[in-house]
């Protein structure tokens with residue numbers, strides 16, 4: 001009888017451990033289609049630490065290119081998908097949060113992003129430096145020239161597909177002059193150095209998940 005009881009307890013503990021592992025691996029990702037509001041809120045907001053993600057505003061774009069608020073926030077941070085390529089499978093939405101290039105930023109970082117996509121100078125609309133989290137990483141781009149989104153078009157040795165990181169978008173990009181552009185050192189480095197879009201990339205744990213450190 002004791003052996004049977006011990007066996008049952010062992011199976012129960014293994015089952016609990018397995019459930020905990022599965023919970024950690026999914027990181028709270030909801031089940032269901034990736035086009036759902038619930039999934040998109042999870043995917044975009046978790047690009048930041050939970051103490052920011054839990055209370056940030058979450059936005060997306062509708063089929064006509066208009067901004068839609070998926071969830072109102074209270075802390076001044078906003079989450080969105082930042083991949084200009086769009087999903088590889090539009091009908092089913094983003095494959096995962098990495099493909100979405102989910103970003104959570106403050107107001108000044110969004111002023112920077114707006115200027116970047118408009119081709120204007122961020123310094124003309126930013127009031128101060130901006131900060132943005134991308135804990136799901138990005139799909140890769142040329143570290144030296146803005147807008148190069150295909151590896152085959154990038155300069156030799158300049159392509160980087162980033163893992164989790166934090167970004168500093170300065171109002172005055174010249175404040176980053178002299179900082180390294182080496183994305184293989186593990187230290188903070190400058191992307192788009194010497195341009196109006198120069199910003200500081202700050203790698204965190206897992207940064208080399210998608211592209212091994214050279």
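Readers should treat all values here as calculations from the given coordinates under stated rules, not as data from a laboratory. Because the structure is a prediction, the values reported are computed rather than measured. Please note: Cβ atoms are built from the backbone with ideal geometry, for glycine as well, and neighbour counts cover all protein chains shown.
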### Query
Pulled fully out, how much extra length does the chain show between residue 51 and residue 63, if you take 0.36 nm times their separation in residues and subtract their Cα-Cα distance?
1.2 nm
### Query
How much length, in nm to one decimal, is gained on full extension between residue 127 and residue 185, taken as 0.36 nm per residue of separation minus their Cα-Cα distance?
17.8 nm
### Query
What FRET efficiency would be calculated for the residue pair residue 172, residue 88, taking the C-beta separation as r and a Förster radius of 45 Å, to the nearest 0.05?
0.75
#### Entry: Cα point-scatterer Debye curve for the range 75-209, base-10 log of I(q)/I(0) at q = 0.15, 0.20 Å⁻¹
-0.71, -1.31
### Task
Express in nm, to one decimal, how much length is gained between residue 31 and residue 75 on full extension, taking 0.36 nm for each residue of separation and deducting their alpha carbon distance.
13.1 nm
### Cα shape, the range 34-105, gyration tensor, a/c 1.5 rule
prolate
### Task
Sort the following peptides by mean Cβ neighbour count (other Cβ atoms within 10 Å, averaged over residues), highest first: 86-97, 157-168, 51-62.
157-168, 51-62, 86-97
